[in-house]
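Below: one structure, written as structure tokens.
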Amino acid sequence: MRRSSGRVVECSLLSLSILFWSVSASAFQCPKLIRELEALTEHRSDEAAKAAKGKAVDAANLHAQGKHEEAVARAKQGLALVGAKPLK
């Protein structure tokens, strides 16, 4: 019995560490994508750029709220509006 409970603890710790790293990766990706989007739209005034700038603001707000996956998605939407793909 002791052996299986140790295994459960190991699996739980592994799951938590994977979850932590996936959330952390999103947290670091948000600002990078937002900066990229801002740089691409900085000197543009067309409708697509205006919409993309709005997506950048939304993404920054979501990032500040800790909603990193939503922020990444919003920034990628903005990049798509100006015909760009996120840099890797």
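Every number here is computed from the coordinates shown, using simple stated rules; none is lab data. Everything numeric in this text was worked out from a predicted model, so none of it was measured. We place every Cβ from the backbone using ideal geometry, glycine too, and count neighbours over all the protein chains shown.
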Run the quick spin-label model on Lys85 and Phe28: label points 7 Å from Cα toward the beta carbon, then report their separation in nm to one decimal.
2.3 nm
Cleavage-rule hits (GluC sites (Glu not before Pro)) in segment 38-88: DSSP loop, at most 14 neighbouring Cβ within 10 angstrom
Glu42
Expressed in nm to one decimal, what extension gain is obtained for the pair Ala39 and Gln65 from 0.36 nm per residue of sequence separation less their Cα-Cα distance?
7.1 nm
Report the local net charge at Glu42: Lys and Arg +1, Asp and Glu -1, summed over other residues whose C-beta lies under 14 Å from its C-beta.
+1
With a 10 Å Cβ neighbour count serving as the proxy for reagent exposure, in which order, fewest first, do Leu79, Leu37 appear?
Leu79, Leu37
Estimate the FRET efficiency between Ser12 and Gln77 by the formula 1/(1 + (r/R0)^6), using the beta-carbon distance for r and 30 Å for R0, to the nearest 0.05.
0.25
